[in-house]
Amino acid sequence: MDQVGFITAETRPSPWGVATKPVNQCSLADVMSEQLARELQLEEESHAFPQELLSDEGPFLTGEGIETSSDEVLAQMLQMQFDREHDAQLRREEKKFNGDSKVSISFENYRKIHPCEDSDSSGEEVDWQDTRHDPYKADKPTTTPKKGFVGKGKDITTKHDEVVCGRKNTARMENFTPEFQVGDGIGMDLKLPNRVFNALKQHSISEQRRSARLHDKKEVSTAEKVVDPKTRLLLYKIVNSGALENINGCVSTGKESVVFHADGGSMEDQDVPPECALKVFKTTLNEFKNRDKYIKDDYRFKDRFSKLNPRKIIRMWAEKEMHNLKRMQKAGIPCPEVVMLKKHVLVMSFIGKDQMPAPTLKEAKLGLEESKQAYYQVLSMMKQLYDECSLVHADLSEYNMLWHDGKVWLIDVSQSVEPTHPHGLEFLYRDCRNVSQFFQKSGVAETPNERELFNIVSGLNITSDNQVDFMAEIEALEKMNEDHVQNHSKKISTFQKDDEGPPLIYDE
Ligand code: ATP
Ligand code: MN
């Protein structure tokens, strides 16, 4: 502080340029008032700029005064002032945030100024720390009082004292994240220089970020964030049984399900593919409300639907997908191969490679020739599905067809129904419209319009040339069919049993 006093108006360089020398002689009164002015200014400065800059320990002194002509120093001083204001604001926020709460959250780590540099707070901060340098002597902690030093005369020890500061730094390592191994330090009077402390602090922060990232990945990979505890337990059981080696990342979170990639394990009575897809049907019922119509009117599930609770209905979706996939597989349609069904979790083969799911037709960006091949394949699959599997996909679009190994694979068949379903033909019409529009847009000239496609797939011959009449005819057919089904439901049920075996028995 004293040194500043030596700076005179003549020698003090102006921060904004070189000050002009005063030329006039002045009276004693002027000198007096000038001194007063200087004193006032000094007082102001000592408030505005941090103590460190003005003290003899500060790094910003050159020669005998503050080197304010250096832009760098000025910038640093301003930055310091800015940081100080930031920290003051932070303290206010911390106070407001914590209020009267018994448990408080510290914003300490967000401060810009190292506490050791910050004369405002270092006193209160170290109350608990200094006993540490001598663990066997729990004497009163030596804190620095508000005035900034202890002792008298030559023996003054300020808070900037190397030993005091070093001890504070050592103790402050306690504030690092718990994962950061700092040792216990007990029995050692360890004094960390600021430079070392700062380096360690930086390291601890970057370590914390890194570990947060790793932690995130692990959680997603074990599917923890995405599924409820009951499902987690179920997944755990599947892995524990050895059927799956590992459950990896989430492949997709759709409207009705979450799909994970898993490494196949082994089962006694069947082969498990090396890469599996695990489709977890969402148990949040909202998602399924609008799907009632698919399953409620499906005669295969009619008897059971009315008696089931919502949780069981969701399992029926998974079961339905399994049955439909099995039918498709029998017919040789490229689709995931069923591995097992556990409650609302369906395990099947993974379409893709090295944990990367095959792109959907929407994403695949096929060339014209490939698009053409894909179109013919889709056409024949739709016919097969209808004729051989007695199914209508009911959600067929470029989003539910994957392009893998140079061919199209059908997925997502939980909502698929028999053509005799009360709305089966409407669903088929919608599928045809999606397929027709997609391949027309892809430039496949051979693509028929949706009505032609519908007739090709269904073998029906509806002649209307506009959508409204066409739909009216479809609905009339459905009505006729429904009456027919009602009359013959017993006969069809027999077919159902043979086809899919006994209904699954659920345990709660
Ligand atoms: P969405 O609501 O998005 O249609 P969904 O709940 O109906 O989803 P699916 O369509 O069966 O579920 O699957 C969603 C996504 O998961 C698919 O687009 C595909 O990328 C991926 N997927 C599903 N099954 C498999 C599988 N067997 N192999 C590879 N990827 C799969
Ligand atoms: Mn889908």
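Here is how the numbers come out for the structure above:
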{"read-out": "Inter-label distance, nm, simple model (7 Å from Cα along the C-beta direction), Glu207/Glu369", "value": "5.8"}
{"read-out": "Which listed pairs, of Lys330/Lys407; Lys312/Lys362; Lys330/Lys479; Lys330/Lys383; Lys279/Lys320, have C-alpha distances above 24 Å, in listed order", "value": "Lys312/Lys362; Lys330/Lys479"}
{"read-out": "Whole-Å semi-axes of the range 314-388's equivalent ellipsoid (Cα gyration tensor)", "value": "25, 18, 10"}
{"read-out": "Contour minus Cα-Cα distance for Asp271 and Glu452 (0.36 nm per residue)", "value": "61.0 nm"}
{"read-out": "Overall Cα dimensions of the range 338-449, principal axis frame, Å, largest first", "value": "44, 41, 19"}
{"read-out": "Convex hull projection area averaged over all views, the range 387-481, Cα basis, nm²", "value": "6.6"}
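Every number in this text was worked out from the coordinates using simple rules, so none of it is lab data. These numbers come from a predicted model, not from an experiment. When we count neighbours, we look across all protein chains shown, and the Cβ atoms used for this are built from the backbone with ideal geometry, even at glycine.
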